[in-house]
1. Can you give me the Cα centroid spacing of region 105-135 and region 601-678 in angstrom?
2. Using Cβ counts within 10 Å as a stand-in for footprinting exposure, how do Leu143, Leu198 rank, fewest first?
3. Taking all pairs of different Cα atoms in region 299-367, averaging 1/r and flipping that mean, what Kirkwood radius in angstroms comes out?
4. Give the order of Val632, Val732 when sorted by the count of other beta carbons within 10 angstrom, beginning with the fewest.
5. Would you mind computing, in nm to one decimal, how far apart the modelled labels at Gln500 and Thr223 are, each placed 7 Å from Cα along Cα→Cβ?
6. Along Cα→Cβ, 7 Å out, is where each label goes; now give me the distance between the ones at Asp700 and Glu761 in nm to one decimal.
7. Take the Cβ-Cβ distance between Gln551 and Arg412 as r, set R0 to 25 Å, and report the resulting FRET efficiency rounded to the nearest 0.05.
8. Students often get this wrong, so check it: of Lys159/Lys250; Lys346/Lys472; Lys346/Lys434; Lys472/Lys650; Lys185/Lys633; Lys250/Lys305, which have C-alpha atoms separated by over 27 Å?
Amino acid sequence: MRRLKAVLVALAMFSAVDSAQEPRRPATPKLGGPVASEGGRTTWSDFGGGPDNARYLTLEQINRSNVDQLAVAWTYPTRDNISYVFNPIVVDNVMYVLARNNSLVALDASTGKEIWIHEDLWGIAPRGVNYWESKDRSDRRLLFQRNSYLQAIDARTGKSILTFGEDGVVNLREGLGRDPATLVKVQSSTPGKIFENLIILGSAAGEHYMAAPGDVRAFDVVTGRLVWQFHTVPHPGEFGYETWPKDAWKYIGGVNTWGEITIDPARGIAYFPLGSPTYDFYGADRHGSNLFGTSLLALNARTGKRLWHFQMVHHDLWDYDNTAAPQLTTIRRNGKSIDVVAQAGKTGFLYVFNRVTGEPIWPIEERRFPSSDMRGEQAWPTQPIPTAPPPFVRQSLSLDDINPYILTVKQREQWHTRLANARNLGLFTPPSVKDTVSIPGAQGGANWGTTAADPARGVVYVMGINVPSIYKLSADAPRPAGGRRAGPAEIAAGGAIYEQRCQTCHGANLTGSGSYPSLVDITTRLGEELLRGAITGGGPGMAPNDDLSEQQLTALLAFLGNPTASAAGGRNNEDGKTELPPGPVVASGGAPAGRVVPAGRPGGMVGPSYPPGIPVPEVRMYTAYGMNGTIVKPPYSTLTAYDLNTGTIKWQVPAGGDDERAVAEGAKNTGYILQRTGIITTSAGLLFHAGGDSTLRIYDAETGQVLRTAPLPAGSRGIPAMYEVHGRQFLVVNATRAGAGAVVRTPSPSDRAYVAFALPEQVTSK
């Protein structure tokens, strides 16, 4: 029996209801009725639940007294081999999801029945889409990014709106001060935010030298016209220009919002969590504090005018991008109510400000940290440290913190020696040509989707990741002419490893999809040494593979250098897509003008040459991301509840189930490694979390106690969604990823699904 059926049977037995029962609802959804107001949100019409990204709903049908009766109401299999991170949205009784080989699909939110399919949207921003409607509801559209073009389709028919922009698209590569033809990707993997008649977007232009700057921009949702643009690397005469070398805006990239934008709709304020400048780990070409790098930026959402900012990391050398949604809530302090914004960082700190003025609620002190030992580098001498609330992840790594589980005796000895000889001076130790310990690492702390808030009670929830990075800078890596030579058996073995660990993100033919890059000619473009470090250490959106043996790693490298020589790889057909059953397809491929993808930038991670007249550093330095999630002792991830009325932690528990490898060796309460999944909370005092370990967990939001677990057909990495239709409360989970543990469990196309949970109808009718 297929795994999905087995999971559903197990859940039905657990809850003592018939989970296959067909809801008694109309087969055709009602396309009418306004979106729920901000005062009492009962639907999920926006990425993250609403403009404020709080993941909070005023729904109480599912509560502590009946959560044990929650059961599967319907499932919608994605019918492909893709691991989606998409956050479904629901408007009226229609749900929009990404499935069927990266197609946008409209479903009846009560039953999961297909309404329409706009197929073949490869290159779409993978985490979500935006919904907008005119005041009279005569114009309703979905806006999304694909291949770095902004597009719109009719939310009712699924067909492209060709009057939007130019021939149906807005080219997001234009207007950034770089040759658009050299930019493969500018779009963010998150969908941006709708505010009134604007769509507000961040970007993700890459991690290389000479990447595009991360300007935040707003476009008219009807015409596609650019309404405003804020330069995150300031131009001459703009605030912050003096924090960079002269003309830095011409060659510095990054300082972008690839994470989650938050809107305070009542005040018209947009909050942007900004990332680090490029290159992330070596700043010899960007001396200064580098505003607005790694900052929280508050702008007038209508005009793009700066209201206030706070920089969390000066002259960032650690890739400490702010990515998690800034959370809005109201606290009581000294007898007064204060509306605040709280930003959880990769640093492991939660920074809390008056959301109107930007004034810190608790003092944030500038403290001195180690200087750089790199020639040409000028690490900033101080960094801002919050005095409250306390951090939510560990910020130091000693020899006593080496994992006593999972690692072999030999591996522990090797790590003991390596850490003993590393540059390990605590938080904000600048990268060096010798091993440099950074904890949290580049994928530690908080990340996209990992925060939520109770808007009225001053409570913020943070999913924290305890994972270090070991950086080691080196000069320009040699770039071989091709892949390493290897025999057919070794290449085939590497192909099998690729199919198991890499194919779901990077595609059967290595061509990538969404935010997952193409690996075609990756050995030539990156060089085998950097590629080896990226595989074992991980990177943005990629878990480390540090459990591969040297033989397995060598075989995988052989396959990546010679993919066409392998008979393995699990191709479904010539273009790597899964054959699909028929469905209500109404359109294909988006706007025709959006299918053209430039050849892209030259030089791989090296990037193009500096502009004329720019002082060039003596050398460009690089490092792998150095992610090493298994070397640190548990807990690997945590879920923390903050009471911001007092600036204290209410409770903290391991996030997700115990790692089965560690449990076999006697560990308890480990949490899940690299738990980057979303959470939802409700006015009923519940907190919902769908984990990478193929399990739904429901917590008591007051205590952190697990009230209920339920199996999922596959792992989850996206943000769940919750909504109410026809008087029934639903939770929908994107369960499409490989589970993890001692053996990677790759789900089949029939296992991967969007799974909707609800109470039995006899319970909801009471």
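1. The two parts, judged by their Cα centres, are 31 Å apart.
2. Ranked by crowding around the Cβ, least crowded first: Leu198, Leu143.
3. By the Kirkwood definition, the hydrodynamic radius is 13.4 Å.
4. Ranked by crowding around the Cβ, least crowded first: Val632, Val732.
5. Spacing of the two 7 Å Cα→Cβ label points: 5.7 nm.
6. 3.4
7. On the way: r = 20 Å, r/R0 = 0.82.
After rounding to 0.05, the efficiency reads 0.75.
8. On the way: Lys159/Lys250 39 Å; Lys346/Lys472 20 Å; Lys346/Lys434 23 Å; Lys472/Lys650 38 Å; Lys185/Lys633 37 Å; Lys250/Lys305 22 Å.
In this structure, Lys159/Lys250; Lys472/Lys650; Lys185/Lys633 exceed 27 Å between Cα atoms.
Since every read-out is calculated from the coordinates, none of them should be taken as a lab result. Just so you know, these numbers come straight off a predicted model, no measurement behind them. Glycine gets a Cβ as well: all are built from the backbone with ideal geometry, and neighbour counts include every protein chain shown.
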